[in-house]
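J.: Before I ask anything, let me first share the structure, which is written out below as structure tokens.
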Amino acid sequence: NFIRQLVLERKFVILILPVFGHSFINTSLFFYQYVMAKDKGWPIEWYSICFAGYGITRLLFLLYGGVLTDKFTARSVYPFFLVPGIFGLISLAFIPGMTAPLFYLLLTGVSAGLSTVLTGAIIAEFYGIERVGQVRSVFSMMMVLSTALAPLTLGILLDHGITFSQYSLICAGVLGVITINNLKIKKLR
């Protein structure tokens, strides 16, 4: 069975972790964005403006991600696409006041835009264009799974006293480990 063989491959695990982690973390925080804004004392109107900035940044990096991929290859860029999102999560934890959501959402938009472009390109580079559909479907299934688990997980953590700042630091650490693991991509065939 192709799917079973695929998910047991080392390269698949390395390639899927950033996609799973990124989708999981974004969904969890976006799902609780109203609660987070109230908890942090941000006016909802301000958070909405910042969220529009996320959309614009994501759009720009959808376009720029294609340029980067064509110039340097997905194999070279993919290991680093989570870095802006990591800094966004760190800013969410440490920057006080109303600049935190701005930095968080703009930097998360960079990673989200790059992720969309790079995921398809990395699949084509590693699996060839004749298998893009099959591999992409498994990637999509994993993204859907991550987005299904995310709100439940963060809800349980919030119920047990974890703050949004603590959660964002934990997530930044997890994405940091995934980014370090991504450096193995250059050695994969």
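J.: Leaving out same-chain residues fewer than 8 places away, which lysines sit with a Cα under 18 Å from that of residue 71?
T.: Candidates past the 8-residue exclusion: 186.
J.: Separate question: Equivalent ellipsoid semi-axes for region 1-93, as square roots of 5 times the alpha carbon gyration tensor eigenvalues: give them largest first, rounded to whole Å. Could you put the intermediate results ahead of the total?
T.: On the way: eigenvalues 184, 70, 24 Å².
Over the Cα atoms of region 1-93, the ellipsoid semi-axes are 30, 19, 11 Å.
J.: Another question about this same structure. Against the longest principal axis of the chain, how steep is helix 10-31, in degrees 0 to 90 to the nearest 10, with axes from Cα atoms?
T.: So the inclination is approximately 20 degrees.
J.: Return the Cα extents of the chain along principal axes one, two and three, sorted largest first, each rounded to a whole Å.
T.: On the principal axes, the chain reaches 50, 35, 25 Å in Cα extent.
J.: Moving to a separate point now. Taking each pair of distinct Cα atoms in region 5-53 once, what is the resulting Kirkwood hydrodynamic radius in Å? Let's see the in-between values first.
T.: Values: mean 1/r = 0.0772 Å⁻¹.
Final number for the Kirkwood radius of region 5-53 is 12.9 Å.
J.: Let me ask another. Given 0.36 nm per residue, what is the gain on full extension from residue 129 to residue 30 after removing their alpha carbon distance, in nm?
T.: Values: separation 99, 0.36 × 99 = 35.64 nm, distance 3.31 nm.
That pair, residue 129 and residue 30, stretches by 32.3 nm at full extension.
J.: Hey, another quick one. Measure nothing fancy, just the Cα-based angle from helix 164-182's long axis to the longest principal axis of the chain, in degrees from 0 to 90, nearest 10.
T.: Tilt relative to the chain: about 20 degrees.
J.: Another question about this same structure. Please report the carbon-and-sulfur percent of the accessible area for the chain; probe 1.4 Å, protein heavy atoms only, DNA, RNA and ligands left out. Numbers along the way, then the final one.
T.: Details: 6670 of 9490 Å².
Looking at the chain in its full context, I get 70 percent from C and S.
J.: Can you order the peptides 101-108, 153-160, 3-10, 139-146 by their average number of other Cβ atoms within 10 Å per residue, highest first? Intermediate values should be presented prior to the final figure.
T.: Numbers: 101-108: 23.0, 153-160: 13.6, 3-10: 11.4, 139-146: 15.9.
Result, highest mean Cβ count within 10 Å first: 101-108, 139-146, 153-160, 3-10.
J.: Also, quick follow-up: Per residue, how much accessible area does region 50-142 show when a 1.4 Å probe rolls over the protein heavy atoms, in square angstrom? All intermediate terms of the calculation are to be shown ahead of the outcome.
T.: Working: 4150 Å² over 93 residues.
That works out to 45 Å² per residue.
The values are calculated or read from the model by the stated rules, or taken from the named source; none is laboratory data. Everything quoted here is computed from the prediction, not taken from an experiment. Glycine gets a Cβ as well: all are built from the backbone with ideal geometry, and neighbour counts include every protein chain shown. Only protein heavy atoms, including side chains, enter the accessible area calculation; ligands, DNA and RNA are left aside. Shrake-Rupley method; radii C 1.70, N 1.55, O 1.52, S 1.80 Å.
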